[in-house]
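Notes follow the structure.
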Amino acid sequence: MPMFLRKILHTLFLRIMKVVANLSPPSRHAVFAGSGSSSQLCEHIVHTGARKVLVVTDKPLRELGVVDRAVSALVAADMDLAYYDGVLPDPTFDHVAEGAAIARQHGSEVVLAIGGGSSIDAAKIIAASATSEESPMDWVGFGKVKHEILKLYAIPTTSGTGSEATMGAVISDAATHLKSIITGADLLPRAAALDADLITGLPPHITAATGMDALTHGIEAYIGVWDRGTRAEDARLAIKLVFDFLPTAYQDGTNRNARNAMAMGAYYAGLAINQVNVGNVHAIAHQLGGKYGIPHGLANSLVLPHILDFCREEVQQQLAELAVLIGVGTEGEDAGSLSHKFIQAVRNLRTEVGIPDSMDVIKEEDFPDICQLAIAEGATYPVPRLLDQKSVRLILGQIAG
């Protein structure tokens, strides 16, 4: 299809989606933040009158005792707890089915997600599946979850995905490894806890990858063509916090000030993309995760500076503003120069936290399939420039080892 026609169709699609988004019912959302906030959230759940809680998490967090610490207030209140700890990175529809079966058998009234984005995303669709006989595969897209779901809460243990602040979930097909996005107002957790006490043990490489994930969310929200709600303010807060505190959190994981700041940065980034969605970085990164199992934050960090180069002319002013924001340029400098400085700052930060600029697992023979899927996904986002075959192949060639 000619690019001019793709641009016309993209513009029409975004107008329709913006109308749909603006007509969506508002969602209730609260956040508890700071040391001990996970106990505050658990006490809040107790006060709602619910008695049966399904905890959705992963085995490593249970084995490390993180889950026990997070739910101690529920245990103290003699709540009836069930656990699904089978979530793996890139959760699948099979994980959702397993968790939903436990919720039904237990009679759960509440789903509490404890973990990274994988656990929170899985918990969202488990909460929806537990109260419906429909296949969650039929909910792929926007606003297709129309029934009442179990009450949903989240305690993130990484500072990256921002899933605790979004109404979307990414679920993979175990057979094809393709990732599907399910979005709806009811999938936004009713409340979340940003508790640095649970994040201090996060290893440096995970701190780095999840931090770059949060940065990607903030940047994509800021340079996208939609301007809804507080997305610009939230995105700027997220970007500044990541640049200021990710190096410290990476170098000294016990630094609670840095951990708190990164938790807030990821949360603000989540708020931003919840209003305007993500962009072309994710369109490519999702394919890398599905094809090669590359962790999502790492995939985003590989792609991010290349996408900024790709659309620099279209978003030069926004990138210039971000350069001033993070202190690599000053007001009054040429916007073009500032935009280059910001992109270089992204590359420098990535290097500072030990993330490579390429991976040898990415193979040239897979480029055609990845290109096709990335171009199609990117066309559903409010991006400033549509992906094309030549550009995606160029980016893949630059990040392949």
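None of the figures in this text is laboratory data; all of them are computed from the coordinates on show. For clarity, every value in this text was computed on a predicted model and none was experimentally measured. Positions of Cβ are generated from backbone atoms using ideal geometry, with glycine treated the same way; all protein chains shown enter the neighbour counts.
Rg and Dmax of segment 261-320, both derived from C-alpha coordinates alone, stand at 12.9, 35 Å. Each Lys or Arg adds one and each Asp or Glu takes one away; over the other residues whose Cβ falls under 14 Å from the Cβ of Ser159, this sums to -3. Between the beta carbons of Arg6 and Ala77, assuming R0 = 60 Å, the FRET efficiency works out to 0.60 to the nearest 0.05. Rounded, prolate or oblate for segment 47-143? Axes are the square roots of the Cα gyration tensor eigenvalues, ordered a ≥ b ≥ c, and the cut-off for rounded is a/c under 1.5. Taking the square roots of the gyration eigenvalues as a ≥ b ≥ c, segment 47-143 is oblate.
Measuring how big the chain is from its alpha-carbon positions, Rg and Dmax come out at 20.2, 63 Å.
Size descriptors for segment 203-399: radius of gyration and Dmax over Cα atoms are 15.7, 46 Å. Normalised by 2.2 N^0.38 Å, where N counts its residues, the alpha-carbon radius of gyration of segment 92-131 equals 1.02. Judged by the mean number of other Cβ atoms found within 10 Å, the most tightly packed of the peptides 271-284, 361-374, 202-215, 50-63 leads the ranking 271-284, 202-215, 50-63, 361-374. What is the local net charge at Trp226, summed over the other residues whose Cβ is closer than 12 Å to its Cβ (Lys, Arg +1; Asp, Glu -1)? Neighbour charge sum, excluding Trp226 itself: +2.
Each Lys and Arg adds +1 at its Cβ and each Asp and Glu adds -1 at its Cβ; summed about the Cα centre, the chain shows a dipole of about 660 debye.
Simple rule: put +1 on each Lys or Arg Cβ and -1 on each Asp or Glu Cβ in segment 203-399, find the dipole, and look at Gly293, Leu396, Phe342; the Cα lying farthest toward the positive end is Gly293.
The Asp388 and Asp138 beta-carbon pair, evaluated with R₀ = 22 Å, returns a calculated FRET efficiency of approximately 0.10. What are the lysines whose alpha-carbon lies under 17 Å from the alpha-carbon of Lys146, with same-chain residues fewer than 8 places away excluded? Within reach: Lys124.
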